[in-house]
Structures are given as C-alpha cells and as structure tokens.
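We did not get these values from a lab; they are worked out from the coordinates using the rules stated. A quick note: this is a predicted structure, and the numbers were derived from the prediction, not measured. With ideal geometry, Cβ positions are generated from the backbone for all residues, glycine too; neighbour counts draw on all protein chains shown.
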Amino acid sequence: MKIGRVQDRYVPCPVVSPAQGVFSASRIKKGALVAVEAGDDEYPINLVLYKYENGLCREELVAKYSIEVAAPQVDSLFFGRIKWRVNLFVIVRWELRHSGLGTHGDLYRIYTYERDPSGSLSENKSIVENSEMTGVDGYAEHQVSTFRLKTAIDVKNFIRRMR
C-alpha cells in the first residue's frame, strides 16, 4: 500500500452509491464521501476522500493498494471508534495461488485511517502495524491457516477486545 496526498483538486462531487464504491463519510467530515476507485497498473485500487466545499469536492488521495501476487479487492469499508477517535477501516484481500509452495487461499490486510483535526484521513499505524491485522486464510506452505478478521463484525469485535 502506498499513501500520499494528491494536490488539492476540486471536482464535481460523486453521488453516494455503494454499488459503485462511493460511501458517505460524514463521520469524518460533514458532507464528505469516500470512494474506492480504479488506479493504475501498479496500484489498481485507490482510496479517495472527497470533502464538500463551496459546491464542489476537494479530492484527497488516502491510499493506493498494490498488486501483491494478485490484484487487490476491497471486501469491506466501515467506520468505528478507537480511543474516542473516528477511524475508517478497510479490509483488503488478495487471492493466493502458489501450488508449488503449498500456498493458496486469500491474503488479508486490515488498514485503518484516523480522522485528523482538519477532517482528513491518515494511517493509524498503531492498528495497521499490529501483526493480527494481516493473515492468510487457506493454506500457507502446506499448513492450514485461518485468518479470523475477514468481516467488519470480526474486526469490530477484535477492536472492542483491544480496549
């Protein structure tokens, strides 16, 4: 994953459409939207925050998800609180198919972004760097591997227990 910020760019605001990967982010900032968008060959998925200002939206790149043996898929995107701060959680999955290594199934990573005072999002490193936020569900080197944080409810329960 690559994190960066696009130069401030004002564009027409997208319309909330979960089927198209556009979600309300009013928990981050009133009128804000977050979108899962197509990227480029190296980083096929972008996570973008749109903040409503004067009839347009300011577009901010939050993250880019790279190819890691396969193209990434965003399985879930949801909001929650950690230590009283609003966070955006993103569950990203990659298919694993390495029969020679005895590894197949899915690689999961949970990314978390916290709201800063300006209403922007930055990676919550204390959560993302937790080793429990990454895992394989399937087989890893011929051994059964189970990753238990595959859904929003799994992650929310895990975060609740961390407190």
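Averaging the sequence gap over all C-alpha pairs within less than 8 Å and six or more residues apart, then dividing by the number of residues, gives the chain a relative contact order of 16 percent. How tilted is helix 152-162 with respect to the longest principal axis of the chain? Cα atoms for both, answer in degrees (0 to 90, nearest 10). Relative to the chain, helix 152-162 is tipped by roughly 90 degrees.
Quick one: plug the Kirkwood hydrodynamic radius of region 25-116 (C-alpha pairs) into Stokes-Einstein at 37 °C, 0.692 mPa s, and report D in µm²/s. So the translational diffusion coefficient is about 225 µm²/s.
What is region 96-156's relative contact order, in percent, from Cα pairs under 8 angstrom and six or more apart in sequence? Spell out each step's value before the answer.
Details: 88 pairs, mean separation 20.1, N = 61.
Taking the mean separation of contacting Cα pairs over the length of region 96-156, I get 33 percent.
Think of region 1-152 as having a plus end and a minus end, set by charges on the Cβ of Lys, Arg, Asp and Glu; of 67, 98, 151, 151 sits farthest toward the positive end of this dipole. The charge dipole of region 9-162, taken about the Cα centre with unit charges on the Cβ atoms of Lys, Arg (+1) and Asp, Glu (-1), comes to about 920 debye, rounded to the nearest 20.
Ratio of region 9-162's C-alpha Rg to 2.2 N^0.38 Å, to two decimals? So the Cα radius of gyration is 1.11 times the expected 2.2 N^0.38 Å.
In this structure, the residue pairs whose Cα-Cα separation is over 25 Å, taken from 29/83; 64/156; 29/150, are 29/150. Each part reduced to its alpha carbon centroid, region 67-111 and region 130-151 end up 10 Å apart.
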